[in-house]
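Input: a single structure, listed below in structure tokens.
The values are calculated or read from the model by the stated rules, or taken from the named source; none is laboratory data. Source: prediction; values computed, not measured. With ideal geometry, Cβ positions are generated from the backbone for all residues, glycine too; neighbour counts draw on all protein chains shown. Note: accessible area is taken over every heavy atom of the protein model, side chains too, but ligands, DNA and RNA are not part of it. Shrake-Rupley method; radii C 1.70, N 1.55, O 1.52, S 1.80 Å.
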Amino acid sequence: MPFSFEVPFEQVEANLEVFVDEVFGALQSDFLTLPKGNGFIEYPVFEQGYEVLKRVTEDFRKMEPESVIEIVHQVPITFIVLRTMLGFTPPEWAYITTQQADIEVTQGSVRTIDRRIRMAPLNPMPTNNGLTEKRLRALIITACDLLQKGVPEVPPTLIHRLDKADTRHGLSSLQALADLGAPYAMLLYERFLGRPFAAHRDSVSELVGDVLETAIEGMLSAAGISARKTKRAERVAGFDQAPDFIVPDEFNPQVVIEAKITEDDGTARDKVTRVQHLGSLSTQGLGPNDPPRYEVVACISGRGFKVRREDMKKLLLATRGKVFTLHNLSHLVDCTRLSEFRTKTTP
């Protein structure tokens with residue numbers, strides 16, 4: 001069975017259900033894997049930071065800020081371990097520190113500190129009296145204070161963010177984990193509440209989308225095709241919503257490409273609507289028999305697109321059958337008007 005982009009559009013229109021099945025069969029989902037990206041912390045490095053922090057605090061019996069500040073400078077990964085014990089994101093840590101300390105810790109500054117440490121987790125940090133050093137100290141002092149106090153009373157309709165197995169009763173909770181190990185059921189429950197790999201998923205969310213865009217760039221580059229790759233939320237003349245790629249450029253668009261990955265059916269519907277809008281723009285003001293101003297191509301990936309058949313029908317109609325997946329992306333140039341702009345022949 002040919003793909004929708006290999007046959008005349010009239011054939012796609014007449015056999016929509018069949019071609020929906022073909023796209024579904026070619027869709028792959030990569031939600032079980034994540035790109036590590038720069039700054040990924042391997043477990044042995046994280047564990048080293050944990051053991052150092054455990055030792056300097058005497059099995060979490062003495063959470064003295066000055067000792068923790070000193071060890072963070074010597075072994076910076078302990079800063080990440082400290083944040084993980086709190087269960088906070090960098091901006092959340094900055095916010096509560098600003099509330100409690102006499103210095104403002106901005107979200108940008110704490111993200112910079114956090115990323116700098118993740119890039120070189122075991123390289124000692126220099127000590128100085130600059131603003132960054134003051135913010136670092138304030139963050140650590142706030143963390144030590146929160147970990148020592150444990151969970152304050154809250155109304156029964158609320159749950160406190162520190163109401164966790166390792167922080168519920170202050171240092172005594174930490175000591176129990178350090179001495180006896182953690183109850184597995186509780187850790188699984190907390191993982192359920194927070195989603196496994198949540199912080200890392202958030203930090204590499206853009207890289208996940210880059211997988212598909214990088215593959216498209218590779219195909220265009222190999223064929224010697226000039227293309228304008230737009231930036232996130234960029235404004236491009238002639239488009240109220242800029243597509244991901246414009247060939248050859250926005251001044252004479254002949255082919256526009258949308259690259260979309262989603263593991264969620266609700267998000268998939270929004271992304272299909274975006275492609276539909278590009279299809280409408282390509283025929284706006286033209287007669288029913290006039291060809292579109294430019295060809296609209298969709299490159300998709302993820303299980304979210306496999307949920308609603310009606311959405312896939314809309315996508316096939318909006319692109320006149322030009323729907324590609326990672327599985328068949330090798331046909332992208334040959335089966336679209338991109339072939340008209342080829343200047344290199346791939347072996």
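Filtering the range 251-265 for residues that are at pLDDT below 95, under 27 Å from residue 334 (Cβ atoms), open to solvent by 60 Å² or more (accessible area, probe 1.4 Å) and not in a helix (DSSP H, G or I) leaves a non-empty set.
Evaluation of residue 288 against the conditions (1) open to solvent by 20 Å² or more (accessible area, probe 1.4 Å); (2) touching a helix residue (DSSP H, G or I) at 6+ places or on another chain (Cβ under 7 Å); (3) farther than 18 Å from residue 213 by Cβ; (4) modelled with pLDDT under 95 shows that the sole unmet condition is (2).
Contact map, the range 232-247: first residue over 20 Å from residue 207 (Cβ atoms) and open to solvent by 20 Å² or more (accessible area, probe 1.4 Å), second residue among the basic types (Lys, Arg) and outside any loop (DSSP other than H, G, I, E, B), Cβ cut-off under 9 Å, separation 6 or more or different chains; pairs are 241/274. Looking at the range 63-78, can you tell me whether even one residue there is within 25 Å of the chain's Cα centre (by Cα), in contact (Cβ under 8 Å) with a residue 12 or more places away in the chain and closer than 30 Å to residue 305 by Cα? Looking through the range 63-78, none of the residues is within 25 Å of the chain's Cα centre (by Cα), in contact (Cβ under 8 Å) with a residue 12 or more places away in the chain and closer than 30 Å to residue 305 by Cα. For residue 46, state whether it is in contact with a Cys (Cβ under 8 Å, 6 or more places away or on another chain) and touching a residue at least 12 places away in the same chain (Cβ under 8 Å). The answer is no for residue 46. Where residues in the range 6-58 are hydroxyl-bearing (Ser, Thr, Tyr) and farther than 30 Å from residue 179 by Cβ, which of them is most open to solvent (accessible area, probe 1.4 Å)? Top of the filtered list is 33. From the residues in the range 303-319 that are in contact with a Ser or Thr (Cβ under 9 Å, 6 or more places away or on another chain) and open to solvent by 30 Å² or more (accessible area, probe 1.4 Å), which one is modelled with the highest pLDDT? Among residues in the range 303-319 that are in contact with a Ser or Thr (Cβ under 9 Å, 6 or more places away or on another chain) and open to solvent by 30 Å² or more (accessible area, probe 1.4 Å), the one modelled with the highest pLDDT is 314. From the list 226, 221, 280, the lone residue that is open to solvent by 60 Å² or more (accessible area, probe 1.4 Å), more than 27 Å from residue 205 (Cβ to Cβ) and part of a helix (DSSP H, G or I) is 280. Inside the range 59-99, can you point out the residues that are open to solvent by less than 50 Å² (accessible area, probe 1.4 Å), under 18 Å from residue 200 (Cα atoms) and assigned to a loop (DSSP other than H, G, I, E, B)? Passing the criteria: 87, 88.
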